[in-house]
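A.B. asks: My questions will all concern the structure given below.
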């Protein structure tokens, strides 16, 4: 469904790298693999601000921050800033870099959970997902 969602955007690419990996898949491993394949690329890793509290537990967060620019999209009710006290493994410069790319943007009121619930209840949902994704959901009877 991701491939269907990005099909209209030729500058976007879907990777199955994590699907092909055996065992647990960690962000740091994915970023290492992408960097090895594209050594001159600038990598950006987009997270919701609701992830801020979880990041200290991620494997090799210090390396993730060095491999990619973390772009944080603000979510309602979630923190907007990275606080040094919550990230003892990161240097002050790395914390500053995390706070450099915090993006506030218009938010949709629906979550993926809400969309699946609408589908299960037989309510209209096509206006909430890309056309190719809506077709796929209907064709395969998903979330009913």
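The values are calculated or read from the model by the stated rules, or taken from the named source; none is laboratory data. Quick caveat, the model's predicted, so the values are computed rather than measured. Glycine also receives a Cβ, built like all others from the backbone with ideal geometry; neighbour counts cover every protein chain displayed.
A.B. asks: Out of all the residues in region 90-122, which are surrounded by 12 or more Cβ atoms within 10 Å (Cβ to Cβ) and under 25 Å from residue 68 (Cβ atoms)?
C.D. replies: Within region 90-122, 90, 91, 94, 95, 96, 97, 98, 99, 100, 101, 102 qualify.
A.B. asks: Another question about this same structure. So for region 69-92 (the condition being at positive phi and at pLDDT 95 or above), does at least one residue qualify? Give the steps one after another, and end with the answer.
C.D. replies: Pass one, region 69-92, residues at positive phi: 77.
Still in the list and also at pLDDT 95 or above: none.
Within region 69-92, not a single residue is at positive phi and at pLDDT 95 or above.
A.B. asks: Next question, about the same structure. Out of everything in region 81-108 that is under 16 Å from the mean Cα position of the chain (by Cα) and touching a residue at least 24 places away in the same chain (Cβ under 8 Å), what residue ends up being nearest to residue 29 (Cα to Cα)? Reasoning before the result, please.
C.D. replies: Taking region 81-108 and keeping what is under 16 Å from the mean Cα position of the chain (by Cα), we get 98, 101-105, 107-108.
The next check asks that each one be touching a residue at least 24 places away in the same chain (Cβ under 8 Å); those that pass are 98, 101-105, 107.
On the way: 98: 20, 101: 22, 102: 24, 103: 25, 104: 28, 105: 29, 107: 30 Å.
So the residue we want is 98.
A.B. asks: Looking at residue 45 and the list (1) part of a helix (DSSP H, G or I); (2) in contact (Cβ under 8 Å) with a residue 24 or more places away in the chain; (3) within 15 Å of residue 70 (Cα to Cα), which single condition is not satisfied?
C.D. replies: Going through (1) part of a helix (DSSP H, G or I); (2) in contact (Cβ under 8 Å) with a residue 24 or more places away in the chain; (3) within 15 Å of residue 70 (Cα to Cα) one by one, residue 45 breaks only (1).
Conditions (1) closer than 17 Å to residue 2 by Cβ; (2) modelled with pLDDT of 95 or more, marked per residue:
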site	(1), (2)
113	no, no
122	no, yes
131	yes, yes
135	yes, yes
140	yes, yes
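Here's the yes/no breakdown for (1) touching a strand residue (DSSP E or B) at 6+ places or on another chain (Cβ under 7 Å); (2) in the same structural domain as residue 135 (by TED's automatic domain parsing); (3) more than 30 Å from residue 140 (Cα to Cα):
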| site | (1), (2), (3) |
| --- | --- |
| 15 | no, no, no |
| 32 | no, no, yes |
| 36 | no, no, yes |
| 98 | yes, no, yes |
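Matching residues to (1) under 29 Å from residue 131 (Cα atoms); (2) surrounded by 15 or more Cβ atoms within 10 Å (Cβ to Cβ); (3) touching a helix residue (DSSP H, G or I) at 6+ places or on another chain (Cβ under 7 Å):
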{"position": "13", "(1), (2), (3)": "yes, no, no"}
{"position": "23", "(1), (2), (3)": "no, no, no"}
{"position": "28", "(1), (2), (3)": "no, yes, yes"}
{"position": "38", "(1), (2), (3)": "no, no, no"}
{"position": "51", "(1), (2), (3)": "yes, yes, no"}
{"position": "60", "(1), (2), (3)": "no, yes, yes"}
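Results for (1) farther than 15 Å from residue 65 by Cβ; (2) in a helix (DSSP H, G or I); (3) at pLDDT below 90, shown as yes or no for each residue.
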| site | (1), (2), (3) |
| --- | --- |
| 5 | yes, yes, no |
| 8 | yes, no, no |
| 11 | yes, no, no |
| 32 | no, yes, no |
| 40 | yes, no, no |
